[in-house]
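Have a look at the structure below before the remarks.
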Amino acid sequence: MSLLENMHMTRALEVACEAGTRGEVPVGAVIVHGPSDQVIAAASNMVLELNDPTAHAEILAIREACSIQNNERLVDCDIYVTLEPCPMCAQAISFARIRRLYFAAEDKKGGGVENGAIVFNAKSCHHKPEVYGDIMAGPSTILLKNFFKERR
């Protein structure tokens, strides 16, 4: 993993931590414009705050990036997420035509990329990004485990 990839995932982890302090499941997403390698959007889960089951970090970051790019497609962009995207988020990543997906921890129960529905392998999937998993998985896994441990 390159220094820049590490930096972008670190930023996603910071955003995830912020979500955890607000009582949201600590998941963060960062979208980077590939050619400039600049972060154009960052978001964390806001499901509880917005009373919106679709307010996952990835969805919110995609909305922000599309607004900034003034385009529904993010073909030159990469997304960094602290947890394997669920099927809904994986489908949104496909619809947005995001170039690369980097994620930290696997989600054995709710994942939609390497576990569960495996959205990008479905015949109905129109775009499959390059996928890189297990990027800084340790810190993300610890963050999630500690969050849920505190709630039990």
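Looking at the calculated P(r) for the range 1-60, what percent of the C-alpha pair distances fall above 17 Å? In whole percent, the long-distance tail amounts to 38. Using the Cβ-Cβ distance between I142 and D37 with R0 = 22 Å, the FRET efficiency computed as 1/(1 + (r/R0)^6) comes to roughly 0.20. Pairs of C-alpha atoms in the range 26-103 farther apart than 22 Å represent 13 percent of all such pairs.
Semi-axes of the equivalent ellipsoid of the range 112-152 are 29, 13, 6 Å, computed as sqrt(5λ) over the eigenvalues of the C-alpha gyration tensor in descending order. Which percent, to the nearest 5, of DSSP beta bridges fully inside the chain are antiparallel? Rounded to the nearest five, the antiparallel share is 60 percent.
Per residue, the convex hull spanned by the Cα atoms of the range 72-114 amounts to 54 cubic angstrom.
Here, the chain is characterised by an Rg to Rh ratio of 0.94, where Rg is the alpha-carbon radius of gyration and Rh the Kirkwood radius. Evaluating kT/(6 pi eta Rh) at 25 °C and 0.890 mPa s, with the Kirkwood radius of the range 70-152 over Cα pairs in the Stokes-Einstein relation, gives 186 µm² s⁻¹. Solvent exposure of the chain, expressed per residue, is 50 Å² of accessible area, with all protein chains present and a 1.4 angstrom probe. For E150, E58, E114, the ranking by accessible surface with the largest value first comes to E150, E114, E58, using a 1.4 Å probe. Distant-in-sequence amide contacts of V131, defined by a placed amide H-H separation under 5 Å and a gap of 5 or more residues or a different chain, comprise L101.
The values are calculated or read from the model by the stated rules, or taken from the named source; none is laboratory data. Here the structure is a predicted model, which means the values were calculated and not measured. Neighbour counts are summed over all protein chains in view; Cβ atoms, including those assigned to glycine, are modelled from backbone coordinates with ideal geometry. The area values use the complete protein model at the heavy-atom level, side chains included, leaving out ligands, DNA and RNA. Shrake-Rupley method; radii C 1.70, N 1.55, O 1.52, S 1.80 Å.
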